[in-house]
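The values are calculated or read from the model by the stated rules, or taken from the named source; none is laboratory data. This is a predicted model, so every value here is computed, not measured. Because the Cβ atoms are built from the backbone with ideal geometry, glycine has one as well, and the counts that use them run over all protein chains shown.
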């Protein structure tokens, strides 16, 4: 570092600019929105009334609405004896009874005023008609009526007949204006008005209002007189799209200042006029999407189906969850007596942010100060239960419904719920609604007996069949997989299933069954695919907090028009079918069970199947054909072709197996298949060219396919070819048939429906299928919806490479193997040839040192040289003679961050350890890892480890009975080093070191040990020149270093303020005064520069020695400096008085090292220099300079 000879000091004046920031608060005022705001409307009135029947009448009958009412506004009825009464309107539900006149509390419902003049006499009360004849009134239909009450004093002829206005209400009726008006919307279902999208198209607002009035069938009347009250629709929110909207109904009574107005809102549901074309829902009426209950015989309440998704609760507080439930249930409540609305709210619930399965919410209804409580079950389900669909909008299909099924529009076959439109005849099952049924147009199913029984599915948990009874041992002496233990059979024994829902949305049916004991949710998903196959899915969800092993077995004794129905194979062994031959092919009837898609992939976890002799399978004895561990093979690996006979001329049966599988919480074992039932369809014929693409992983651009379609039902027919792409997205391509009932064209599979990385696995082929089906679409044709057979375009994506063949060689041996010999089963495009070479051709393996080496082999497609890859082949160099058998297992110690393993279950934690340790294993005999089970045998690492501890893991490689293990160390912390260096990089202080948790963020400047060193160096006259770039560092695996760089300085740390030569005796002779008294600090120089060079001290006289009494008296050459033997005269120019070279960084005390030993300032007075006695003062400046 170079120090300039002269320095100037600059005072930097910092101007503090103060900026005043004014913060304004914006207040947004919001008006409260009332549920039923009142408005002023003009109105006129018309009368309506009915009469009550006599005791022979079955119900109340209303008079013609155009008849005039003789009932005037309610007035006091009295006689001359003073007996008087005034009636008040009576409002009754259709289910209610008339008040008992023998009870005072009941009579109070009829009279607002009652006076009996002679209190000593009693009075009798009787229902009569207008002529006074006794009657027993009964409730009629909704409307206004008049009943009379005869009041007679005992022992007297005094009596009066009082007309009582009666309004009968039901769920379509609401009272307004403090029960002064009753309003009925007879055309609503579940309090909603339903319109079709087609009928609202193009209508003006006023036309929409009239349409709503007409559809709602609105009527209103005064509850005192029966006079008709006009109803207006003041506004609607209806838009020309499917959705739910609001309409405001308004009624007014009275005139002028006495006019009163009330409004009421109704939901308007706009939906499409027709359902999806692929299925007939057989719906003759709408089912509620809401549940309705009666609470304590006082209030009615309705709410949406109580489903919540797990993701909707994640991270929410108790209050947020309560609000969510309130919003989702959309609670509504009313008085049973008059339908007046009440205020229901969520009082409490046991739903939390981590809930799943069956929960409970307590609903509180404020009923005139009394709190009515009703418990609602809330079912929290995994998100995937409803796929990408919403959990709302599903209809609840009640028991006894006639439309809980879906129909194939071409051949009339059906799939649906039991006791909800489809039924079977088995006495043991007639009370059960669990499961499903598939039948052909004739109503024939495929399960013994006579096709009228149902499929039973037997679930298992943790190697046990979960539904069993003690008496099963007598019935099933040989096995535990009896059908009585399955869903759909003897379900009265399955008390564990506490919640059941049967739902429909468009052409989808869902059946939700919750087993509260085993914390399992079963979800049946039924419907009709575009290919007119029914789909059946049964997912078994694990709603516990533990990983559990699930399995499923479907055992079916077949009977399709005969108990000995033959069973045939489907194409590519993708399933099987039962067939009853008819007189012609068109008369053939089939029941097909399809387990694989057109590509050949399994549709579900049902990946074992067998069809054979019922008795040989021992199904009747409760046997599982595949064994309790599902290890026995079925027909899944056979090479059947379409139509091959599997079994015939015997009592046939089949079994489907989903083997034991570990299921994580909120995940499911997924079983299912496609079913075709009934008369074979005259499928269209779809041909594709090409059907297979073979490409490398870096292929760009779309895939074009030519198609031809034949056997179209009619000339000039139209339709679409529907595509389901590999990513699940759908597309369609329209076609138009020609006179030959054929069509041809091109369809495109876009590149973006495939993953960005189509195949990241070295030496492999990944297959992506686009499933295609053509559908004839003509609503006027009986063949509307007719499909083609399913087809698929397959894209095979190749990732160049192969299987490295591990080697074991002896140390010092000669390496002579070719690169090609180290790669097995190389993957290259069909018809192409691969070339192999070492990356280090001169010395691919260093056999001079023992240990594991990974040698690099390059593989190149000679037909496409741009396709090349480098693979690592493990080579173990040993000190001993290499073994010829056994296993090699190598792995490295490693470090990790605590966050990397947080929350991992055991399975994921083990997988993490295997990957992080770069574990590698192979069979010495083959060099391959085929058939080797690599696992973590044991580990001390947890998913919440202590960062200050180290952990171990023992890895295990196992092949058959051969086992190899290796123990490794696992660290969660890493070393942190903070260095302090000078401008040459030389360490100034011992580096600060510490061990910190990997993944944590550390500001090293805030570490006390670092701060202490920084302060020390600054105190020792080092200037901080450069802070670390990573002063705040995230601790990573390995060593973490940061560095502070300082520059050394040359400084004059201190100097005396006064050199006091004290009082001296004046003389005329020459005299020298030395060693003045030092006042102030010593003269000290600090030199911490990395490059050590001499420095100089210089002095000059700013003011010569001058008398303090007379400033004109001076001694100009009196101040001198003694430097060793030399005396230096100081003037007003700088004179070097001392030079020095520091060999090490530090301080040099000039006062101590030089002045105390004879050097220093002195006064040298010549003879006669003293002109006057007195005190003298001079001023000296000392300067420190670099010698350069």
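When the stretch 311-359 is filtered for residues that are touching a helix residue (DSSP H, G or I) at 6+ places or on another chain (Cβ under 8 Å), surrounded by 18 or more Cβ atoms within 10 Å (Cβ to Cβ) and farther than 22 Å from residue 512 by Cα, the ones remaining, listed by number, are 321, 346. Taken over the stretch 932-984, the residue count meeting the criterion of being touching a helix residue (DSSP H, G or I) at 6+ places or on another chain (Cβ under 7 Å), under 19 Å from residue 1039 (Cα atoms) and free of Cβ contacts under 8 Å to residues at least 40 places away in the same chain is 0.
Figure legend. Inter-residue proximity from the stretch 816-837: first residues in the same structural domain as residue 857 (by TED's automatic domain parsing), second residues surrounded by 13 or more Cβ atoms within 10 Å (Cβ to Cβ) and in a loop (DSSP other than H, G, I, E, B), beta-carbon distance below 6 Å, spacing 6+ or different chains. Indicated pairs: 822/805; 824/805; 827/763; 834/828; 836/819; 837/819.
Could you please let me know if residue 929 is closer than 30 Å to residue 1034 by Cβ and assigned to a loop (DSSP other than H, G, I, E, B)? Answer is no for this residue.
Of all residues in the stretch 727-743, those satisfying the criterion of being within 15 Å of residue 791 (Cβ to Cβ) and either modelled with pLDDT of 95 or more or crowded, with 16+ Cβ neighbours inside 10 Å (or both) are 731, 733, 735, 743.
Do any strands (runs of 3 or more DSSP E) lying entirely in the stretch 628-705 carry at least 1 residues that are out of contact with any helix residue (DSSP H, G or I) (no Cβ under 8 Å at 6 or more places or on another chain), more than 26 Å from residue 524 (Cα to Cα) and free of Cβ contacts under 8 Å to residues at least 40 places away in the same chain, and which ones are they? Even if it seems obvious, please write down each step before you answer.
Details: elements: 645-647, 652-663, 668-679, 685-689, 692-696.
Ranges flagged: 685-689.
Per the listing 954, 965, 977, 1000, the residue uniquely under 30 Å from residue 917 (Cα atoms), surrounded by fewer than 18 Cβ atoms within 10 Å (Cβ to Cβ), modelled with pLDDT under 95 and touching a strand residue (DSSP E or B) at 6+ places or on another chain (Cβ under 6 Å) is 977.
Residue 1136 fails exactly one of the following numbered conditions: (1) touching a residue at least 24 places away in the same chain (Cβ under 8 Å); (2) in contact with a strand residue (DSSP E or B) (Cβ under 9 Å, 6 or more places away or on another chain); (3) assigned to a loop (DSSP other than H, G, I, E, B). What is the number of that condition? Unmet for residue 1136, out of (1) touching a residue at least 24 places away in the same chain (Cβ under 8 Å); (2) in contact with a strand residue (DSSP E or B) (Cβ under 9 Å, 6 or more places away or on another chain); (3) assigned to a loop (DSSP other than H, G, I, E, B): (3).
Scanning the stretch 322-346 for residues that are assigned to a loop (DSSP other than H, G, I, E, B) and closer than 30 Å to residue 106 by Cβ gives 336, 337, 338, 339, 340.
What number of residues within the stretch 74-110 are surrounded by 17 or more Cβ atoms within 10 Å (Cβ to Cβ) and farther than 19 Å from residue 139 by Cβ? Qualifying residue count for the region: 5. Evaluated against (1) modelled with pLDDT of 95 or more; (2) buried (at least 18 other Cβ atoms within 10 Å of the Cβ), residue 929 falls short on exactly one condition, (1). Restricting the stretch 134-146 to residues that are exposed (fewer than 15 other Cβ atoms within 10 Å of the Cβ) and at pLDDT below 90, the residue that is nearest to residue 338 (Cα to Cα) is 141. Count of the stretch 279-305 residues, restricted to those that are farther than 13 Å from residue 398 by Cα, within 32 Å of the chain's Cα centre (by Cα) and at pLDDT 60 or above, is 4. Looking at the stretch 783-794, can you tell me whether even one residue there is in a loop (DSSP other than H, G, I, E, B), modelled with pLDDT of 95 or more and within 30 Å of residue 532 (Cβ to Cβ)? No, every residue in the stretch 783-794 fails to be in a loop (DSSP other than H, G, I, E, B), modelled with pLDDT of 95 or more and within 30 Å of residue 532 (Cβ to Cβ).
The rows are residues; the columns are (1) out of contact with any helix residue (DSSP H, G or I) (no Cβ under 8 Å at 6 or more places or on another chain); (2) touching a residue at least 40 places away in the same chain (Cβ under 8 Å); (3) not assigned by TED's automatic domain parsing to the domain that holds residue 1159.
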{"position": "1018", "(1), (2), (3)": "yes, no, yes"}
{"position": "1024", "(1), (2), (3)": "no, no, yes"}
{"position": "1042", "(1), (2), (3)": "no, yes, yes"}
{"position": "1065", "(1), (2), (3)": "yes, no, no"}
{"position": "1069", "(1), (2), (3)": "yes, yes, no"}
{"position": "1083", "(1), (2), (3)": "no, yes, no"}
{"position": "1094", "(1), (2), (3)": "yes, yes, no"}
{"position": "1105", "(1), (2), (3)": "yes, yes, no"}
{"position": "1114", "(1), (2), (3)": "yes, no, no"}
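Scoring residue 624 on the criteria (1) in contact with a strand residue (DSSP E or B) (Cβ under 9 Å, 6 or more places away or on another chain); (2) surrounded by fewer than 22 Cβ atoms within 10 Å (Cβ to Cβ); (3) in a loop (DSSP other than H, G, I, E, B) leaves a single failure, condition (2). Within the stretch 398-412, the set of residues being crowded, with 24+ Cβ neighbours inside 10 Å and within 23 Å of residue 489 (Cα to Cα) comprises 404, 405, 406.
Residue-wise test of (1) surrounded by fewer than 21 Cβ atoms within 10 Å (Cβ to Cβ); (2) over 28 Å from the mean Cα position of the chain (by Cα); (3) not assigned by TED's automatic domain parsing to the domain that holds residue 552.
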| position | (1), (2), (3) |
| --- | --- |
| 629 | yes, yes, no |
| 641 | yes, yes, no |
| 644 | yes, yes, no |
| 647 | no, yes, no |
| 653 | no, yes, no |
| 662 | yes, no, no |
| 667 | yes, no, no |
| 675 | no, yes, no |
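What do you reckon, is residue 757 part of a loop (DSSP other than H, G, I, E, B) and closer than 21 Å to residue 797 by Cα?
Details: part of a loop (DSSP other than H, G, I, E, B): yes; closer than 21 Å to residue 797 by Cα: yes.
Answer is yes for this residue.
Taken over the stretch 760-782, residues that are outside any strand (DSSP E or B) and in contact (Cβ under 8 Å) with a residue 40 or more places away in the chain amount to 8. Selection within the stretch 473-498: residues that are buried (at least 19 other Cβ atoms within 10 Å of the Cβ) and at pLDDT below 70. The member of this set that is nearest to residue 552 (Cα to Cα) is 491.
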